[in-house]
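The values are calculated or read from the model by the stated rules, or taken from the named source; none is laboratory data. What you see is a predicted model, and the numbers here were worked out from it, not measured in a lab. Glycine also receives a Cβ, built like all others from the backbone with ideal geometry; neighbour counts cover every protein chain displayed. Each accessible area value is taken on the protein alone, full model and side chains, heavy atoms only, with ligands, DNA and RNA left out. Shrake-Rupley method; radii C 1.70, N 1.55, O 1.52, S 1.80 Å.
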Amino acid sequence: MKKIAILGSTGSIGTQTVDILPSIEAEVVALTTNKRIDLLEGQARKLKPKMVCAFDEDAAKALKTALADTDIRVLSGMDGLIACAAESGADIVVTAVVGMVGLLPTMAAIGAGKDIALANKETLVCAGELVMRAAREKGVQILPVDSEHSAIFQCAQAAQGNRLSKIILTASGGPFFGKSAEEMRRVTREQALAHPNWNMGAKITIDSATMMNKGLEFIEAMWLYDMRPEDIEIVVHRESIVHSLIEFEDGAVLAQLGVPDMRLPIQYALTYPARVPCKVPRLRLSELGSLTFFDPDEEAFPALTLAKLAAERRGNLGAVLNGANEAAVGLFLDGKIGFADIAERVREAMRQIPYRRVLTLDAVLESDRLAREQVYRTV
Ligand code: MG
């Protein structure tokens, strides 16, 4: 039985991970939330982990009271997250927390020799160089949960040691596909929160609307598959059926297809290399009729250009891009800035924060902090 720790078990990916557990042979040893303690309490009573963590201190106190009749250890804060990742006895850690908060627990889990089912893309965006180096040194596997990166991973099983010459990342294009840069200025919070294909948390839904999500995934793919940015292409595919593609040196292109449902990539990360039955509805191509593909419009979606720049220049620019984006998305969700301001704030932070070529964990944390401060300064 595989022992699993789920960081962020009450979020969109976390709850879907819990949902597929009956399909796989697994024992849950740790669960964490930020502050959704009612949901976490229910999960903990059902799955009986050794330890749980609420990141928020007040929530952790309430959770401790709620679980007082059990022998589950209740932890809090970053120390608690790190303990759940590295000291819960897990074989594999599902990192489904949102944002940069996932970095330290992921590094701790790698340091403790745990495999990672990576759903927290911000970790690789901020510190891909450090995370991948640590994983190589410790001999741990980074198994992608993101649907696009899982698709690439699944296709790459056919590589047999051959080099990938190209990665083609598909993007749904979000709710604002086809809008001009000018129209994008008038987008409202409600419009941005309504995604056509995927049901996700608020942060990633906004990232999909700005296409920063695809930008983050571009950087994530670069690190996961050791690709040059010029060998990664983004193509808009409205139907979200082709989850991504790879190309080999001979020009052969392989794709992974399926209905848009995260439970399959989550399950594959946990059962790899085995495949077991999954609850996801089957694909019926003739019902779809046709699939469409378009080049992305970088003028209307400048986040793509910014992410590519961060990928090319590496160093601390990924951390700056991500920190500024997290802060700006928060401001947009609070109604403090407009939709088009999100990318503008990110661009400004990338201009203002000093470039650091050599990346250390401290440099990542410092760059993240400076980027957020820069964004908040201009409200
Ligand atoms: Mg994705």
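Okay, here's what the table says:
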| quantity | calculated |
| --- | --- |
| Charge dipole (debye, nearest 20) of the range 2-145; +1 at Cβ of Lys and Arg, -1 at Cβ of Asp and Glu | 140 debye |
| Residue (of 337, 359, 280) at the positive-pole extreme of the range 259-379, dipole from beta-carbon charges | 280 |
| FRET efficiency for residue 356 and residue 293, using Cβ-Cβ distance with R0 set to 25 Å, rounded to 0.05 | 0.10 |
| Amide H contacts under 5 Å for residue 28, placed H, 5+ residues apart | 4 |
| Cα centroid separation, the range 251-297 to the range 177-204 (Å) | 24 Å |
| With at most 16 neighbouring Cβ atoms within 10 Å, loop chymotrypsin sites (Phe, Trp or Tyr not before Pro) (DSSP) excluded, longest segment of the chain | 1-292 |
| Convex hull projection area averaged over all views, the chain, Cα basis, nm² | 18.3 nm² |
| Kirkwood hydrodynamic radius of the range 2-145, Cα pairs, Å | 14.6 Å |
| Over 20 Å between alpha carbons, listed pairs 121/214; 35/203; 61/121; 3/64; 203/336; 121/308 | 61/121; 3/64 |
| Given charges at Cβ of Lys, Arg, Asp, Glu: the range 106-204 dipole, positive-most of 204, 174, 113 | 113 |
| Heavy-atom accessible area per residue - the chain, 1.4 Å, Å² | 43 Å² |
| Calculated [θ] (222 nm, deg cm²/dmol) that DSSP helices of n ≥ 4 give over the chain, each run adding -39,500 (n - 2.57) | -14000 deg cm²/dmol |
| Rounded if a/c under 1.5, otherwise prolate or oblate - the range 254-379, Cα gyration tensor axes | prolate |
| Residue among 264, 346, 292 farthest towards the positive dipole end of the range 223-379, charges placed on Cβ | 264 |
| Eligible aspartates and glutamates near residue 179 by straight Cα distance, threshold 20 Å, same-chain separation 8 or greater | 190, 207, 239, 295, 297, 298, 299, 341, 344 |
| Accessible area, probe 1.4 Å, largest first, for residues 368, 69 | 69, 368 |
| Cα centre as origin, Lys/Arg/Asp/Glu Cβ charges: the chain dipole, Debye | 560 debye |
| Anisotropy class of the range 337-379 from Cα gyration tensor, a/c 1.5 cut | prolate |
| Amide H partners (placed H, <5 Å) of residue 55, local residues excluded | 33, 34, 77 |
| DSSP bridge pairs, the chain: antiparallel proportion in percent, nearest 5 | 25 percent |
| Under-5 Å amide H pairs with residue 165, H placed in peptide plane, nonlocal only | 247, 248, 249 |
| Relative contact order (%) - criterion: Cα under 8 Å, at least six apart; region: the range 2-145 | 22 percent |
| Computed magnitude of the charge dipole of the range 201-298 (debye, nearest 20; Cβ of K, R +1, Cβ of D, E -1) | 840 debye |
